[in-house]
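Written out below as structure tokens is the structure these notes cover.
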Amino acid sequence: MKKILIVDDLHPAFKEQAVAMGYQVDDEPQITRQQTLDKIKDYTGIAVRTKFRIDAEIFAAATNLKFVARAGAGLDNIDDKIAFERNIELINAPEGNCDAVGEHAIGLLLSLMNNFRRADTEIRNGVWDREGNRGYELKGKKVGIIGYGFMGQSFARKLAGFEVDVMAYDKYKTGFSNAFAREVSMEEIVKYSDIVSLHIPLTAETRQMVDDEYFFHFKKPIFFINTARGEIVNTTAVLNAIKNGKILGAGLDVLQTEKFPALGEQPWYDDLKHNNQVILTPHVGGWTFDSYRKISEVLADKLKALNF
């Protein structure tokens with residue numbers, strides 16, 4: 001019988017639809033990596049969010065594996081090279097959480113531009129400072145989107161009512177201008193942007209791509225948003241850019257080191273947590289109550305299309 005092992009917390013919709021397709025589904029969100037290694041040989045598919053990396057060791061043990069279902073957008077926690085060599089299908093669900101990411105990026109941006117975090121903290125501490133918390137309007141600003149896949153397009157759609165000029169750059173796509181964004185070169189992004197938002201995957205090419213030199217080239221001070229992957233951005237470079245006026249505010253849903261205690265041990269963490277020009281959220285941009293369900297539904301649809 002075709003069998004699927006779910007090793008992470010997925011909405012029941014995936015299991016229900018997979019069972020309807022004739023799969024035996026073992027839903028074990030508490031399973032450990034070692035336990036997975038011990039039993040994965042019996043399974044046709046494995047479904048995972050972020051619990052652990054599906055790497056050479058897992059693939060070597062998974063002698064009957066035909067597909068990996070990633071409950072999310074990125075595939076950076078899966079060794080796609082080995083999967084390709086073994087003809088193992090990889091399915092993910094960016095369609096399921098792109099609206100969540102787009103809305104989260106808007107929330108971070110509006111909070112930064114209007115000093116919501118700082119103003120709230122001051123009032124709670126007895127400070128009423130109107131002038132110090134004067135904000136910026138979005139209308140008329142130029143927004144630079146880096147990466148125009150599902151996430152970048154969602155962010156562009158969410159910006160449609162703000163009367164902004166949305167520019168998009170994607171190294172791997174051309175001819176994608178639409179009603180929500182116009183395709184531009186990276187040179188135009190760095191020359192004209194008032195706001196920059198990242199929507200690109202983590203690859204060997206993009207890891208630590210955003211560094212001191214990256215920010216140096218921007219001609220105007222920017223608001224900077226990252227809801228993609230933390231490892232793309234050098235956090236010290238963000239703090240340096242804030243100090244030298246290149247960044248007016250940074251909204252970071254992802255960091256190059258995540259979760260405690262590892263995050264608290266980073267040399268830049270104290271500067272980051274005390275910087276009132278930064279808003280931090282714990283990698284939840286694509287993780288809403290709604291996307292939890294939608295991701296599983298998208299995965300199930302894609303599993304059905306595989307027709308194993």
Within segment 148-196, report the chymotrypsin sites (Phe, Trp or Tyr not before Pro) that DSSP leaves as loop and that have at most 10 other Cβ atoms within 10 Å. Tyr172
Derived scalar couplings ³J(HN,Hα) [segment 209-223; Karplus, 6.51 cos²θ - 1.76 cosθ + 1.60; whole Hz; x for Gly, Pro]: 5, 8, 10, 4, 5, 4, 5, 4, 6, 6, 8, 10, x, 10, 8
Most fluctuating residue of Ile145, Ile225, Ile123 in a GNM of the chain with Cα springs under 10 Å: which is it? Ile123
At what distance in nm do the modelled label points of Glu188 and Glu137 sit from each other, each positioned 7 Å from its Cα along Cα→Cβ? 2.5
Ranked from the most accessible area to the least, with a 1.4 Å probe and all protein chains present, what is the order of Met209, Met113? Met209, Met113
Can you find, among Ala181, Ala119, Cys98, the residue farthest towards the positive end of the dipole of the chain? Put +1 on the C-beta of Lys and Arg, -1 on that of Asp and Glu. Ala181
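If you keep only loop residues by DSSP, which GluC sites (Glu not before Pro) in segment 155-261 have at most 14 other Cβ atoms within 10 Å of their Cβ?
Glu163, Glu205, Glu258
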3J(HN,Hα) from dihedral phi, segment 229-241, Karplus parametrisation 6.51/-1.76/1.60, rounded to Hz, x for glycine, proline: 9, x, 5, 6, 10, 7, 5, 4, 5, 4, 5, 5, 5
Rounded if a/c under 1.5, otherwise prolate or oblate - segment 173-243, Cα gyration tensor axes: oblate
If the only charges are +1 at each Lys and Arg Cβ and -1 at each Asp and Glu Cβ, what is the size of the charge dipole of segment 97-146 around the Cα centre, to the nearest 20 debye? 180
Taking 7 Å along the Cα-to-C-beta vector as the label spot, tell me the His274-Gln35 distance in nanometres, rounded to one decimal. 4.3
Find how much the distance from Leu90 to His217 grows on full extension, using 0.36 nm per residue of separation minus their present alpha carbon separation; answer in nm with one decimal. 42.0 nm
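Between the DSSP loop rule and a limit of at most 12 other Cβ atoms within 10 Å, which trypsin sites (Lys or Arg not before Pro) in segment 143-251 are left?
Numbers: sites: Arg157, Lys158, Lys171, Lys173, Arg182, Lys191, Arg207, Lys219, Arg229, Lys243, Lys246; in loops: Lys171, Lys173, Arg207, Lys219, Arg229, Lys246.
Passing sites in segment 143-251 are Lys171, Lys219.
Assign one of three labels to segment 108-181, namely rounded, prolate or oblate, based on the Cα gyration tensor with a ≥ b ≥ c the square roots of its eigenvalues; rounded applies when a/c is under 1.5, prolate when it is not and a/b is larger than b/c, and oblate otherwise. Don't skip to the end; give the middle numbers.
Values: a/c = 3.83, a/b = 2.77, b/c = 1.38.
It is prolate, given that a/c is not under 1.5 and a/b is the larger ratio.
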Please work out how much accessible surface Asp271 shows to a 1.4 Å probe, ignoring ligands, DNA and RNA, in Å² rounded to 10. 90
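Considering only protein heavy atoms, what per residue accessible area in square angstrom results for segment 181-308 with a 1.4 angstrom probe? Each step should come with its number before you reach the end.
Numbers: 6290 Å² over 128 residues.
Heavy-atom SASA per residue in segment 181-308 reads 49 Å².
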At Ser177 and Thr50, where each label point lies 7 Å from the Cα along Cα→Cβ, what is the point-to-point distance in nanometres? 3.7
With +1 on the Cβ of every Lys and Arg and -1 on the Cβ of every Asp and Glu, the dipole magnitude of segment 98-280 about its Cα centre, in debye rounded to the nearest 20, is 340
Students often get this wrong, so try it: which of (i) 88, 40, 29; (ii) 67, 45, 33; (iii) 69, 52, 37 is Cα extents along the principal axes in Å as calculated from the structure shown? (ii)
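Which shape class, rounded, prolate or oblate, goes with segment 98-280 when its Cα gyration tensor gives a ≥ b ≥ c as root eigenvalues, a/c under 1.5 marks rounded, and past that a/b bigger than b/c marks prolate?
On the way: a/c = 1.71, a/b = 1.23, b/c = 1.38.
It is oblate, given that a/c is not under 1.5 and a/b is not larger than b/c.
The values are calculated or read from the model by the stated rules, or taken from the named source; none is laboratory data. Remember, predicted model here, so these are calculated numbers, not experimental data. Virtual Cβ from ideal backbone geometry, glycine too; neighbours counted across all protein chains shown. Ligands, DNA and RNA are stripped out before the accessible areas are found, and what is left, the full protein with its side chains, is counted by its heavy atoms. Shrake-Rupley method; radii C 1.70, N 1.55, O 1.52, S 1.80 Å.
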